[in-house]
Amino acid sequence: MRHELDSIFRPTSVAVIGASTRKSTIGRETLHNILTAEFNGKVFPVNPKASVIHSIKAYSTILDVPDAVDLAIVIVPKEFVKDVARQCGEKGVKGLVVISAGFSEVGTEGKKLEDDLLKVVRQYGMRMIGPNCFGIVNTDPEVSLNATFGKTFPKLGKIGFITQSGGMGEAIMSQAKELGIGFSVVASIGNKADISSNDILEYFKNDPNTDVILMYLENFGNPRHFTVIAREVSQFKPIVAVKSGRTKLGAKAASSHTGALAGLDVGVDALFDQAGVIRVDTVEELFDVAAALSMQPVPKGNRVVVVSNAGGPGILATDALINNGLEMPPFNRTTVQELRKFVSAEASFSNPMDMVAGAGGKEFKLTLDIVKKDKRYDAIMPIFVPPVTIDEFDVAKNIQAALADTDKTVLACFFGAGESTVGIDYLKEHGIPTFVFPEAVAKTLAIMNKYQKWLTRPKGKVKNFKVDSRRVEQIITEALQGREGAIVGDKAIEILTAYGIPAAEYVYADDEKQAVAEAHKSGYPVVMKINTPSVLHKTEMGGVIVDLRSDREVRDAFQELKKRVGKLKKSEHFSVAIQQMVSGVMETVIGMTIDPSFGPLIMFGLGGIYVEVMKDVTFRINPVTDRGAREMIKSLRSYPLLTGFRGTPPVDLATLEETILRLSQLVRDFDCFTEIDINPFIVSADREKCKAVDARFIVKPC
């Protein structure tokens, strides 16, 4: 065995424990599928109540099988699975696929059964897929294994498929066969008690029969390990994933903007982005991208040319391509000159090119022969609208003949022709994915282009700055005193300063006279905030007054805040905090929240309505690299506002990037922070005016 999972995916002998004589049972259908797929190995049905099943000698237990067994498919009631696994261990079986259900997916009692089963598996050094899974498939003719209870044995192909849901696995295999998409290996991993998606990714990494990996996931076992292995595999084998659960997690309300904005599955988006995993929103997109990646090269860039025999679909394609961030440069002069030699004068010699309705196979070939040589394009989209007078099959053959030798990405559209016709089937058989509508082609090309950008982008480095971590440790120790709490005000500003994050310092005043004196020291204009009682969200309760420019305004503000606070506890004494007012081009928000699966997530967004209403924020799993910090800033929809807009100067982006990196280091150094909110962090064209105005840290005992 070259790999420990070969005992599961490339076995030389299989036992079906729980094989049944009754039709339409899982035990019967699984054995039937193994036989009808013509498995290239020995098959042993195991059932104590039958001597022959499906014309094959059956055995009472796995221990009665006379030959060595690589893989056991277990289909017995849940209460017997542990004993069956122990017998497999004694027999020397290397791999288990436990189809039986009733384990951790049903609650506490099931979880106990699963834990006991896993102990047996590990005691004997076996590997196990499941429990509660659909089974496995390997289409390699040297193996030809269909150890599932479904109705479909997929077509041979180069796609490896990992699914957490057995039902989704069956549906996807069935639809893929209809679409002409083939698989190398299919693995339904069920509860992932032992073998997880990470293990199978490792297996696919070196599997010569797998070029593209598809995943349907509901949750992650070890997302940090997934990041490492997925980033490595994605460098040379694309991973396309559908991850269910985009709705809110229903977690308890967070006390910061950062925590509240992380209510969606932003951790998954951040993980996939950092690991190079292609996330798609629907199963339909999964098929589209899988077909394109398994048949065509990844485009070298985002420039597309459209060649059509009808104007309308060409315009639809243009809108879809541009809206998905792709480019459509015009033909170069040489291309136009060559095309004019044979294309009708009524045609448009622009991009998209409309060859008019009379164009058939000959015209497509002549045109594509010229267009494919134009170095302005990375991808070609032939669009054919099948009129009654044109032979669709002839068009398909000519498109394929013209583009067989190009290194450009080719995705075709037979507009409205359906999923399967003689022409479409011909193109798919010859490696050209063909779509019903141009919008699907545009979306697929955009996804492929995003992956290409990830492949070619610099890796980035995690930076370490000289900081005063000892002072931060002191502040945390003083604040905690053995219980969870919040650090706000001057102590929060001190933490930022200790880590080199520029911040506007606080001074305090207990009465009007002192407030005026401190305002003079800071220099007008100033901001006044309540200091007693200590609250997290001062703005919401009217506890902040800004732009105070005179002694009188300071005295009036002091009295107004005192009135707003109302009656204090006997142990409290009213005071205010004063800061020099910081003004810049834009307010930003920088923070951190803990995701239960992915750990610390660093957040960045613009302040004001951009965060409150538009929620224009971005997240990255910590640690953040220098490249990652730059991408966080540039990924905002409102990023142009930071680069200079309608006369405003561009802000100091270098300071903004450095601040994100310094916060990332702070989070790496201290695992006691559960939430961090630097809000607002004022940015300006002048580095000296880029400062944090307020911050809050929620901490727990380390």
inquiry  = Take Ile34 and tell me if it is buried (at least 21 other Cβ atoms within 10 Å of the Cβ), in a helix (DSSP H, G or I) and at pLDDT 95 or above.
reply    = yes
query = Has the stretch 332-355 got at least one residue that is among the aromatic types (Phe, Trp, Tyr) and touching a residue at least 40 places away in the same chain (Cβ under 8 Å)?
reply = no
query = What number of residues in the stretch 533-574 are closer than 15 Å to Glu512 by Cα, at pLDDT below 90 and touching a strand residue (DSSP E or B) at 6+ places or on another chain (Cβ under 9 Å)?
reply = 2
message = With the requirement that a residue be touching a strand residue (DSSP E or B) at 6+ places or on another chain (Cβ under 6 Å), in a strand (DSSP E or B) and among the hydrophobic types (A, V, I, L, M, F, W, C), what does the stretch 38-94 give you?
response = Val43, Phe44, Val46, Ile53, Ile56, Leu71, Ala72, Ile73, Val74
request  = Say whether the condition of being more than 22 Å from Phe574 (Cα to Cα), modelled with pLDDT under 85 and within 35 Å of the chain's Cα centre (by Cα) is met by at least one residue in the stretch 466-488.
outcome  = yes
task = Given the conditions (1) more than 17 Å from Ile200 (Cα to Cα); (2) of a type outside the set (Gly, Ala, Ser); (3) free of Cβ contacts under 8 Å to residues at least 60 places away in the same chain, report the number of the one that Phe149 does not fulfil.
result = (3)
Tally of residues being over 12 Å from Ile159 (Cβ atoms), part of a helix (DSSP H, G or I) and of a type in the set (Phe, Trp, Tyr) across the stretch 172-218 = 1
query = What residue, among those in the stretch 649-676 that are in contact with a helix residue (DSSP H, G or I) (Cβ under 8 Å, 6 or more places away or on another chain) and in a loop (DSSP other than H, G, I, E, B), is surrounded by the fewest Cβ atoms within 10 Å (Cβ to Cβ)?
reply = Pro650
request  = Collect the residues in the stretch 294-317 that are buried (at least 19 other Cβ atoms within 10 Å of the Cβ) and either free of Cβ contacts under 8 Å to residues at least 60 places away in the same chain or assigned to a helix (DSSP H, G or I) (or both), keeping them in residue-number order.
outcome  = Ser294, Met295, Pro313, Gly314, Leu316, Ala317
remark   = When the stretch 95-134 is checked residue by residue, the ones that are on the phi < 0 side of the Ramachandran plot, out of contact with any strand residue (DSSP E or B) (no Cβ under 7 Å at 6 or more places or on another chain) and polar (S, T, N, Q) are Ser104, Thr108, Gln123
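This table checks each residue for (1) of a type in the set (Gly, Ala, Ser); (2) modelled with pLDDT of 95 or more.
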residue: Ile181; (1), (2): no, no
residue: Asp194; (1), (2): no, yes
residue: Tyr203; (1), (2): no, yes
residue: Val212; (1), (2): no, yes
residue: Gly221; (1), (2): yes, no
ask   = Which of (1) farther than 21 Å from Gly169 by Cβ; (2) touching a residue at least 60 places away in the same chain (Cβ under 8 Å) is the odd one out, the single condition Thr30 does not satisfy?
value = (1)
The stretch 1-31, subset of a type in the set (Lys, Arg) and buried (at least 17 other Cβ atoms within 10 Å of the Cβ), residue farthest from Pro77 (Cα to Cα) = Arg10
ask   = Quick one: which of Glu114, Glu105 is touching a residue at least 40 places away in the same chain (Cβ under 8 Å), under 32 Å from the mean Cα position of the chain (by Cα) and surrounded by 16 or more Cβ atoms within 10 Å (Cβ to Cβ)?
value = Glu114
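Yes or no, residue by residue, for (1) in contact with an Asp or Glu (Cβ under 9 Å, 6 or more places away or on another chain); (2) at pLDDT below 95:
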| site | (1), (2) |
| --- | --- |
| Thr258 | yes, yes |
| Gly267 | yes, yes |
| Asp273 | yes, yes |
| Arg279 | yes, yes |
| Glu285 | no, yes |
| Pro297 | yes, no |
| Gly301 | yes, no |
query = Name the pairs whose Cβ atoms lie under 6 Å apart, with the first residue in the stretch 433-459 and modelled with pLDDT under 95, the second surrounded by fewer than 18 Cβ atoms within 10 Å (Cβ to Cβ), and 6 or more positions between them or separate chains?
reply = Pro458/Arg627
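To keep it simple, each residue is scored yes or no on (1) under 41 Å from the mean Cα position of the chain (by Cα); (2) modelled with pLDDT of 95 or more.
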{"residue": "Ala50", "(1), (2)": "no, no"}
{"residue": "Tyr59", "(1), (2)": "no, yes"}
{"residue": "Val74", "(1), (2)": "yes, yes"}
{"residue": "Asp83", "(1), (2)": "yes, yes"}
{"residue": "Gly89", "(1), (2)": "yes, yes"}
{"residue": "Gly95", "(1), (2)": "yes, yes"}
{"residue": "Glu109", "(1), (2)": "yes, no"}
{"residue": "Val120", "(1), (2)": "yes, yes"}
{"residue": "Met128", "(1), (2)": "yes, yes"}
key: Test for Pro458: is it in contact with a strand residue (DSSP E or B) (Cβ under 6 Å, 6 or more places away or on another chain) and either surrounded by fewer than 19 Cβ atoms within 10 Å (Cβ to Cβ) or among the polar types (S, T, N, Q) (or both)   = no
ask   = Looking at this structure, is Phe415 aromatic (Phe, Trp, Tyr), at pLDDT below 95 and either surrounded by fewer than 18 Cβ atoms within 10 Å (Cβ to Cβ) or not assigned by TED's automatic domain parsing to the domain that holds Val667 (or both)?
value = yes
message = Tell me whether the stretch 205-227 contains one or more residues that are aliphatic (A, V, I, L, M), within 17 Å of the chain's Cα centre (by Cα) and over 22 Å from Asp281 (Cβ atoms).
response = no
note = In the stretch 463-493, anything hydrophobic (A, V, I, L, M, F, W, C) and under 19 Å from Ala504 (Cβ atoms) is listed as Val472, Ile475, Ile487, Val488, Ala492, Ile493
Verdict on Val336 being under 25 Å from Lys428 (Cβ atoms) and of a type in the set (Val, Ile, Thr) = no
key: Unmet requirement for Lys563, which otherwise passes all of (1) closer than 24 Å to Leu496 by Cβ; (2) assigned to a helix (DSSP H, G or I)   = (1)
key: Checking Thr282 against (1) touching a helix residue (DSSP H, G or I) at 6+ places or on another chain (Cβ under 6 Å); (2) surrounded by fewer than 20 Cβ atoms within 10 Å (Cβ to Cβ); (3) hydroxyl-bearing (Ser, Thr, Tyr), the condition it does not meet   = (1)
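The values are calculated or read from the model by the stated rules, or taken from the named source; none is laboratory data. This one's a predicted model, so the numbers in the text were calculated from it and none came from an experiment. Positions of Cβ are generated from backbone atoms using ideal geometry, with glycine treated the same way; all protein chains shown enter the neighbour counts.
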